[in-house]
Amino acid sequence: MLSIALSSGTIEYTDTDADTDAGPDSGTGPYADGHTGTGPARETLVLVPGLGFDASVWQPVVDELRPDFRVLVPLLPLGGHRLPMDPDADLSAHGIAGLLGEFLDRLDLREVTLVQNDAGIAQLLVGVNDKRIARLVLASCEALDNYPPGLQGKALHTASKIPGALHLLLRSFRSPFLAGMRTSLGGMAKRPIPHDLVLRWYGPLLTDPAIRRDLGAFLRATRKDTYVEAAERLRSFDRPALVLWGAEDRMMPPRTGRRLAELLPHGAYEEVPDARTLIPFDNPRGLCEALRRFIAAHPAPVARGTA
């Protein structure tokens, strides 16, 4: 993976247009103009994983879209990261949203289609630092009053406030049975998640106290009104937005997605069949088809030749 030093620490990311021989990124980005330097610039998609997931949760989507788009996946400090943040880092939802905005700025990414799944972080850029966003896609994510979301989110939040409880709860993911329960990770996906993938996702949290420290800081900073307040800024978002929901989502109810789409002046709501919260895992093809339709229907200025 590539890496970039930001104000609160170094984060890793993947970039389909990166030169495989370039090594870690210095902070300016090997392709700050948005492409490899050969041929016209391509549309840029930034796919943001949720709580406890690394870039692999998006891999089927990346593989499908990379022939036609530049696709980046940043590992924000939400538990799936492998590089601990600075001890004094602001790891509240707003602080992590600030890191996402800083990531877009430092790589000089322009006319981005920003896609967020599970966590609601991308919403917090709207009206704050959204100048690089051409299109916003919110895919089965925290929103409005569903925060912390479901039994899973509430259990993590509660455990973060009790010394040792978060580590104990996370250790349950070592068990295929416990991890697969509907009240645990298994409830986020319609089809069974291979246990080796679970161990990959949660490995850093299980083995590195500094990563658990980061996640604990994020969870303890939870404010129930975070996305209710953010919803007011969504009303002024003047660019295309797609609210894409797993049709069988239990943790993020579809009614929340419909309410979210109604707030966005240029928003549309669509459900992905055969999917719960983890749409990139359950139905990556359906997700990719929806993204392609949405992008084609709303050309970014650079694609229209007016940048």
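The values are calculated or read from the model by the stated rules, or taken from the named source; none is laboratory data. Just so we're clear, the structure is a prediction, and the values are computed from it rather than from any experiment. Every residue, glycine among them, receives a Cβ derived from its backbone with ideal geometry; neighbour counts consider all protein chains shown. We work out accessible area using only protein heavy atoms, side chains counted, and drop any ligands, DNA or RNA first. Shrake-Rupley method; radii C 1.70, N 1.55, O 1.52, S 1.80 Å.
Using the Kirkwood formula over every pair of different C-alpha atoms, what hydrodynamic radius in Å results for segment 168-307? After inverting the mean inverse Cα-Cα distance, the result is 17.6 Å. Computed over the chain with a Gaussian network model linking Cα atoms closer than 10 Å, the most mobile of Gly187, Gly164, Gly101 is Gly164. Here segment 144-200 is treated as a Stokes sphere of Kirkwood radius computed over C-alpha pairs; at 20 °C and 1.002 mPa s its diffusion coefficient rounds to 178 µm²/s.
Taking amide H as placed 1.01 Å from N in the peptide plane, Gly246 has its amide H under 5 Å from the amide H of Ser140, Val272, each at least 5 places away in sequence or on another chain. At what distance in angstrom do the alpha carbon centres of segment 112-168 and segment 194-213 lie from each other? For segment 112-168 versus segment 194-213, the Cα centre distance is 19 Å. Shown in residue order for segment 236-242 are the 3J(HN,Hα) couplings computed by the Karplus curve 6.51 cos²θ - 1.76 cosθ + 1.60 at θ = phi - 60°: 9, 6, 9, 10, x, 9, 10 Hz (x for Gly and Pro).
The packing ranking of peptides 3-10, 122-129, 206-213, highest mean first, is 122-129, 3-10, 206-213, where packing means the average number of other beta carbon atoms within 10 angstrom of each residue.
The average projected area of segment 59-125, computed from the convex hull of its Cα atoms over all directions, is 5.3 nm². At q = 0.17, 0.29, 0.31 Å⁻¹ the log10 of I(q)/I(0) for segment 167-224 amounts to -0.60, -1.14, -1.19, computed by Debye summation with a single uniform scatterer per C-alpha, solvent ignored. Per residue, the average separation of C-alpha pairs within less than 8 Å and at least 6 apart gives segment 41-176 a relative contact order of 22 percent.
In order along segment 247-261, the Karplus-derived 3J(HN,Hα) couplings, from 6.51 cos²θ - 1.76 cosθ + 1.60 at θ = phi - 60°, round to 4, 10, 5, 10, 7, 10, x, x, 4, 5, x, 5, 5, 5, 5 Hz, and Gly and Pro are given as x.
Surface composition of the chain: carbon and sulfur make up 54 percent of the accessible area, probe 1.4 Å. Reported value for segment 221-282: 100 Å³ per residue, from the convex hull of its C-alpha atoms.
Binning all Cα-Cα separations of the chain at 10 Å, short to long from zero, yields these whole-percent fractions: 6, 29, 38, 22, 4, 0.
Listed values for segment 216-230 are Karplus-derived 3J(HN,Hα) couplings in whole Hz (6.51 cos²θ - 1.76 cosθ + 1.60, θ = phi - 60°), namely x, 4, 5, 5, 5, 7, 4, 10, 4, 8, 3, 8, 5, 5, 4, and x replaces Gly and Pro. Amide H contacts for Gly9 (H built 1.01 Å from N in the peptide plane; partners 5 or more residues away or on another chain; cut-off under 5 Å): Asp86.
On a per residue basis, the chain carries 41 Å² of accessible surface, using protein heavy atoms and a 1.4 Å probe. Simple point charges give the picture: +1 on the Cβ of Lys and Arg, -1 on the Cβ of Asp and Glu, and for the chain a dipole about the Cα centre of about 980 debye. Once the Cα-Cα distance is subtracted from the 0.36 nm per residue extended length, the Asp68 to Arg223 segment shows a gain of 51.9 nm. What is the percent of Cα-Cα separations in segment 194-242 that go past 13 Å? Across segment 194-242, Cα pairs with separations above 13 Å total 72 percent. Volume per residue for segment 96-214 equals 135 cubic angstrom (convex hull of Cα atoms).
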